[in-house]
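Written out below as structure tokens is the structure these notes cover.
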Amino acid sequence: MTHQVHIIGGGLAGSEAAWQLAQAGVKVRLSEMRGSGDMTPAHQTDGLAELVCSNSFRSDDADKNAVGLLHQEMRRLNSLIMAQADLAKVPAGSALAVDRDIFSAGVTRALAGHPHVEIVRERIDALPAEGMTIVATGPLTAPTLATSIGAAAGMDHLAFFDAIAPVVHFDSIDMDKCWMANRWDKIGPGGGEGKDYINCPMNKEQYQAFVQGLLDGEKADFKEWETNTPYFEGCMPIEVMASRGPETLRHGPMKPMGLDDPRTGRWPYAVVQLRQDNASGTLWNMVGFQTKLKHGAQIALFRTIPGLKQAEFARLGGLHRNTFIQSPRLLDATLRLRSAPHIRFAGQVTGCEGYVESSAIGLLAGRFALAELTDRPLAPLPADTALGALLGHVTGNVETADYQPMNVNFGLFPPLDVVKKKQRKEAMTARARASLGQWLGEELQPA
Ligand SMILES: Cc1cc2nc3c(=O)[nH]c(=O)nc-3n(C[C@H](O)[C@H](O)[C@H](O)COP(=O)(O)OP(=O)(O)OC[C@H]3O[C@@H](n4cnc5c(N)ncnc54)[C@H](O)[C@@H]3O)c2cc1C
């Protein structure tokens, strides 16, 4: 079969992109290295869309949860991944969890039996020089291809380490306990009033208890292939820093110098700083707090920080090997590599995080490729839909200097301040449903 689009990687994103194109009559070659003698360090089968770790697609609540809303939007766009997840569902409360074998077998069967899809078990070692291509090779992209991507993207734009600091929803921070200031009240290059950071002050007892909590907290194990990954000093896990001595953090990310607490007029003993993480100011990043503490231990310990007692986390910290490109700089609004527009990227390699998000970006890459092939450009996705918010994160709605993978969350959506906090999530999902309906050209339902 002569193909019109070459998709590299038969994981979640590549499978979804292939489905979207094939269903529209486009001939697809899907190259997957598993099954040809190659394997990633995390996959265990040669099934398409294998889930490498948990079996959960997280919350299925489309009214109050951003990932649940993303599920719903993908179902409205005839997602293969969501259809097979629904068929492979296992009981998991309000979450959508699946039997991973049934799920992967379902995706594989649907694509293998599709007249427009040719699945080729082969490893691709270089970005194709021509022909419409979608690269969906994931966080464990084979090294030879990663090198080729690095050459096209500029090596410094291909991140191999994923040092993640937690991100907190602004409206869960108790600003009565914190204050806004820059160290020494310095005005940054972007101007402003010298009040860019949220500062959470700690006294000596609080600091010492916090350091002890870091040392005692349960850590996630390194995977076998990660053990030789050296730490860069710049992304050292905070608990490793704490283990170097009780004062190390006070001279590192928790140093109080130049930060006068307006309540005392003095520097506190130690400070936790949060930096704005998105343009709308709904998300704040805990500066220097990349960590390998287990998620439960992170939540418990970080909620002992003054001002963060009720903190809701948009993302928790982590450190593992991960190949992703600096998408906001490298990709255009339809996921094409600016320097080689015949190539699109999809899935986790673009810097989204998670099964659902990777599949969603695969879905969009497929739709964008279809629009280009048929010369029928899509109207821009509304930013207040889950798909639009996620695409905004990947292609531009973030501070690119520190681009890091992220799950979908309400902090990526345009704010909706007029509504009371309690009703805000439901108002946001209702707004998203209406916007997606309009984008899809659906008739408005009578009230
Ligand atoms: C160890 C680990 C644990 C994770 N746990 C979770 C979790 O619990 N929950 C969650 O939501 N997310 C988790 N993730 C993230 C998860 O990998 C992604 O969310 C998701 O699988 C990404 O989908 P993708 O399609 O982008 O990549 P993948 O699903 O990884 O698919 C990429 C595919 O490309 C193939 N490939 C790679 N290089 C080549 C090449 N050169 N030629 C041909 N084929 C190639 C691979 O074999 C693979 O099938 C985890 C990631 C890792 C690494």
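The values are calculated or read from the model by the stated rules, or taken from the named source; none is laboratory data. Everything numeric in this text was worked out from a predicted model, so none of it was measured. Every residue, glycine as well, gets a Cβ built from its backbone with ideal geometry; the counts of neighbours run over all protein chains shown. The protein model used for the area step is the full one, side chains on, heavy atoms only, and it has no ligands, DNA or RNA in it. Shrake-Rupley method; radii C 1.70, N 1.55, O 1.52, S 1.80 Å.
Can you give the Rg to Rh ratio for the chain, taking only C-alpha atoms and Rh from Kirkwood?
On the way: Rg = 22.5 Å, Rh = 23.0 Å.
Checking Rg against Rh, the ratio lands at 0.98.
Could you tell me which of the pairs LYS204/LYS255; LYS195/LYS255; LYS204/LYS292 are separated by over 20 angstrom between their Cα atoms in the structure shown?
Values: LYS204/LYS255 12 Å; LYS195/LYS255 17 Å; LYS204/LYS292 24 Å.
Correct reply: LYS204/LYS292.
List the lysines whose Cα sits under 23 Å from the Cα of LYS27, skipping any in the same chain fewer than 8 residues away.
Straight-line reach from LYS27, under 23 Å: no lysines qualify.
Got the relative contact order for the stretch 232-325 handy, in percent, Cα pairs under 8 Å and 6 or more residues apart?
The normalised contact order for the stretch 232-325 reaches 23 percent.
Taking the Cα atoms only, what angle lies between the long axis of helix 12-23 and the longest principal axis of the chain, rounded to 10 degrees?
That helix lies at roughly 40 degrees to the long axis.
At 1.4 Å probe size, what's the solvent-accessible area of LYS255? Round to the nearest 10 Å².
70
Could you work out the Rg to Rh ratio of the stretch 341-447, with Rh taken as the Kirkwood radius (inverse of the mean 1/r over all Cα pairs)?
Working: Rg = 15.0 Å, Rh = 15.1 Å.
Value, to two decimals: 1.00.
Got a sec? Charge dipole of the chain, +1 on Cβ for Lys and Arg, -1 for Asp and Glu; which of GLY307, MET428, ALA146 is way out at the positive end?
Projecting each Cα onto the dipole axis, the largest value belongs to GLY307.
Compare LEU301, LEU111 by solvent-accessible area with a 1.4 Å probe and give them largest first, with all protein chains kept in place. Walk me through the intermediate numbers first.
Values: LEU301 20, LEU111 0 Å².
Ranked from most to least accessible, the order is LEU301, LEU111.
Using a 1.4 angstrom probe on the protein heavy atoms only, line up THR395, THR291, THR147 by accessible area, largest first.
Numbers: THR395 30, THR291 0, THR147 85 Å².
Accessible-area ranking of THR395, THR291, THR147, largest first: THR147, THR395, THR291.
What spacing in nm lies between the two simple spin-label points modelled at ASP171 and ARG266, each 7 Å away from Cα in the Cβ direction?
3.8
Could you check the simple spin-label distance between LYS204 and ASN78, using points 7 Å along Cα→Cβ, in nm with one decimal?
About 6.9 nm separates the two model spin labels.
If I take R0 = 41 Å and measure r between the Cβ atoms of MET257 and ASP221 in this structure, what FRET efficiency does the formula 1/(1 + (r/R0)^6) give, to the nearest 0.05?
Details: r = 36 Å, r/R0 = 0.87.
With R0 = 41 Å, the Cβ-Cβ based efficiency is 0.70.
What aspartates and glutamates could a cross-link reach from LYS294, if we take a straight Cα to Cα line under 20 Å and drop same-chain neighbours fewer than 8 places away?
Reachable aspartates and glutamates: ASP162, ASP216, GLU218, ASP221, GLU224, GLU226, GLU239, GLU312, GLU353.
Across 5 Å bins from 0, what is the distribution of all Cα-Cα pair distances for the stretch 164-321, in whole percents?
Answer for the stretch 164-321: a P(r) of 2, 9, 18, 22, 21, 15, 8, 4, 1, 0 percent.
As I understand it, the value is the acute angle between the Cα axis of helix 100-112 and the longest principal axis of the Cα atoms of the chain; what does it come to in degrees, rounded to 10?
Taking the Cα atoms of the chain, the angle to 100-112 is about 40 degrees.
Can you give me the relative contact order of the stretch 164-321 as a percent, contacts being Cα pairs under 8 Å and 6 or more apart?
Values: 283 pairs, mean separation 65.8, N = 158.
It rounds to 42 percent for the stretch 164-321.
Using Cα atoms only, what is the angle between the long axis of helix 204-216 and the major principal axis of the chain, expressed in degrees (0 to 90) to the nearest 10?
That helix lies at roughly 40 degrees to the long axis.
One-quarter of the Cα convex hull surface for the stretch 61-208, in nm²?
Working: hull surface 66.4 nm².
Mean shadow area of the hull around the Cα atoms is 16.6 nm².
Check cross-link reach from LYS420 to the lysines: straight Cα distance under 26 Å, and skip same-chain residues fewer than eight apart.
Counting by Cα, and skipping residues close in sequence, LYS420 has these lysines nearby: LYS64, LYS177, LYS309.
Over the chain, give the accessible area per residue in Å² for a 1.4 Å probe, as an integer. Can you show the working numbers first?
Details: 19630 Å² over 447 residues.
Dividing the accessible area of the chain by its residue count gives 44 Å².
Take every DSSP beta bridge with both residues inside the chain and express the antiparallel ones as a percent of the total, to the nearest 5.
On the way: 32 of 49 bridges.
In the chain, approximately 65 percent of DSSP beta bridges are antiparallel ones.
Measuring from label point to label point, each 7 Å out along Cα→Cβ, what is the ARG183 to LYS420 span in nm?
With each label placed 7 Å out from Cα toward Cβ, I get 4.3 nm.
How high is the relative contact order of the chain, in percent, counting Cα pairs under 8 Å that sit 6 or more residues apart? All intermediate terms of the calculation are to be shown ahead of the outcome.
Working: 886 pairs, mean separation 92.7, N = 447.
It rounds to 21 percent for the chain.
Grab every C-alpha pair in the stretch 1-126, bin the distances at 10 angstrom width from 0 up to the longest one, and report whole percents.
Cα pair-distance distribution for the stretch 1-126, in percent: 13, 42, 32, 11, 1.
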